[in-house]
Amino acid sequence: MTHQVRAVVARGKGAPVSLETIIVPDPGPGEALVKIEACGVCHTDLHYREGGINDDFPFLLGHEAAGIVESVGEGVTDVAPGDFVILNWRAVCGQCRACLRGESWYCFNTHNAKQKMTLLDGTELSPALGVGAFAEKTLVAAGQCTKVDPTASAAAAGLLGCGVMAGIGAAINTGNVGRGDSVAVIGCGGVGAAAIAGANLAGAAKVIAVDIDDRKLETASKLGATHTVNSKESDAVEAIRELTGGHGADVVIEAVGRPETYQQAFYARDLAGTVVLVGVPTPEMKLELPLLDVFGRGGSLKSSWYGDCLPSRDFPMLIDLYLQGRLDLDAFVTETIALDEVEKAFERMHHGDVLRSVVVL
Ligand code: APR
Ligand code: ZN
Ligand code: ZN
C-alpha cells in the first residue's frame, strides 16, 4: 500500500518551496511510517533549498520532528504503532569502529529508509538529512525513531531532533560542563541558546552569553545566562576574562561557525579549558592562530557533532526534564506555523526575534 500526503518540496536550486502531494510507501523491513505532528524549521532546510548541500533535487525538507508511529515493517521491535517518537537523522549501525568504541555519534555507517518517497509522477524525492518531515507522513529507518513520554508537546519535542539537541549536547556531552564551571557561549541563536540551557542543566555556576544582537541576549537571560555581553559594544575576550576572575571560562562554546568568533572562543577560555565548536563553518573559511598559542595554552579543542548525542539516552532524559519544568523547550518555539508557511519562515529566519518556527500539523 502507499499513502498520498501533503508535503513541502524544494524542486530546484533557490526556487521557493511548494506544497505538493507525495507518495509514501508502507514501511519495508526495518522501517517505520510516522505521522508527523510537528517539525521545526532549521537553517539546514534553507541550505538544501539553496543548493548548498548537493544537487539531488527535488528535496523533501524538514528534519526536526516528532510524531506518532503509524506502522512498522518486518523485524522492527524497538518501536510500535501508537508510540510517540522524536526523529533523528542518524540511524547508527552499532557495528562500526565508532559504535563499538561507544561513540556512535561518529558512526560512519548510518542508514536511512531504503524505499523512496516520490512525487505523483514517480520522481524520487531526496529527504533532507534522511528524514523529510515537512509532510503529513514520512518513512524512516526504525533506528531514527526514539520513543519519549507522549504527554510532551510535539512542537517542543521535535526540536530535540536537531538544533536544540546540538546546543544542549555541546554543553553536556562534548564540553562535559560540570558543577561550578564557568561557561561562555558565543552566538545565541537556537543552538547557542540551547547550549546555555545545557550549561545550566549541568550545574554551571556562571553562564556568559555573547551575541551582537540584544534581543538574543534577552532570550539568553531567560534561558539562564547569568551574564550577557554584546560583542559589538565590548571586546568579547576581555569581557569574558573579566567576568571569570581574569583567567577565562572553563568551557567556551562557539555557536556561530565563523573564524572570528572561533578565535574569540580560543582566547576566552582558561588555560587548559575547553573550546567546543558547534557552529557550522562553510568550506572556504580558514582559521589562523599562532601555533605557539595552541601549544602554550593547552586544554582541548573539540567539535560537537549533533551534540554528540545518543538519541536513545538523551531524548527521553531531556523530555523528562522538560515535563518536570527543568528544561524550558517551549522557550525555543517562537511561532507555530502551517505546512504552507515554511517559505515565509525561511524569510524570517535571520530576523533577530526568531529562535525556531515550528510547523504544527
Ligand atoms: N559574534 C557573536 N554572535 C554572532 C556573531 C558574532 N560575530 N555573528 C552572528 N552572531 C549571532 C547571531 O546574532 C545569532 O544570534 O549568532 C547567532 C546565530 O544564530 P542563528 O542564525 O539562529 O543560528 P543557529 O540556528 O543558532 O545555528 C548556529 O550552528 O547549526 C549551526 O548552521 C548553524 O552555523 C549555524 C550555527
Ligand atoms: Zn537541523
Ligand atoms: Zn556505526
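Structure above, values below:
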quantity	calculated
Odd one out for residue 148, checked against (1) touching a residue at least 60 places away in the same chain (Cβ under 8 Å); (2) over 21 Å from residue 280 (Cα atoms); (3) within 16 Å of ligand 2 (Cβ to nearest atom)	(3)
Test: residue 163 is under 13 Å from the mean Cα position of the chain (by Cα), surrounded by 24 or more Cβ atoms within 10 Å (Cβ to Cβ) and within 30 Å of residue 239 (Cβ to Cβ)	yes
Candidates 295, 315 - the one that is more than 24 Å from the chain's Cα centre (by Cα) and either farther than 15 Å from residue 158 by Cα or surrounded by 18 or more Cβ atoms within 10 Å (Cβ to Cβ) (or both)	295
Matching residues, region 316-353, being in contact with a Pro (Cβ under 8 Å, 6 or more places away or on another chain) and free of Cβ contacts under 8 Å to residues at least 24 places away in the same chain	none
For residue 256: the one exception among (1) assigned to a loop (DSSP other than H, G, I, E, B); (2) within 16 Å of ligand 1 (Cβ to nearest atom); (3) surrounded by fewer than 17 Cβ atoms within 10 Å (Cβ to Cβ); (4) at pLDDT 95 or above	(3)
Any pair with Cβ under 9 angstrom, 6 or more apart, that starts in region 249-278 at a residue that is farther than 19 Å from residue 196 by Cβ and ends at one that is of a type in the set (Asp, Glu) and in a helix (DSSP H, G or I)	266/293; 267/293
Complete set of residues in region 105-134 that are outside any loop (DSSP other than H, G, I, E, B) and touching a Gly at 6+ places or on another chain (Cβ under 7 Å)	128
Residue satisfying all of: in region 69-101; touching a helix residue (DSSP H, G or I) at 6+ places or on another chain (Cβ under 9 Å) and free of Cβ contacts under 8 Å to residues at least 24 places away in the same chain; farthest from ligand 1 (Cβ to nearest atom) among these	77
Restricting region 345-361 to residues that are closer than 18 Å to residue 135 by Cβ and of a type outside the set (S, T, N, Q), the residue that is surrounded by the fewest Cβ atoms within 10 Å (Cβ to Cβ)	360
Meets criteria (in a helix (DSSP H, G or I) and among the basic types (Lys, Arg)) for residue 302	no
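A quick yes/no check of all residues on (1) closer than 24 Å to residue 71 by Cβ; (2) among the polar types (S, T, N, Q); (3) within 16 Å of ligand 1 (Cβ to nearest atom):
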| residue | (1), (2), (3) |
| --- | --- |
| 103 | no, no, no |
| 117 | yes, no, no |
| 120 | yes, no, no |
| 128 | yes, no, yes |
| 133 | yes, no, no |
| 140 | yes, no, no |
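The values are calculated or read from the model by the stated rules, or taken from the named source; none is laboratory data. The shown structure was predicted, so the numbers you read here are calculated from the model rather than taken from an experiment. Heads up, the Cβs are rebuilt from the backbone with ideal geometry, glycines too, and the neighbour counts pull from every protein chain shown.
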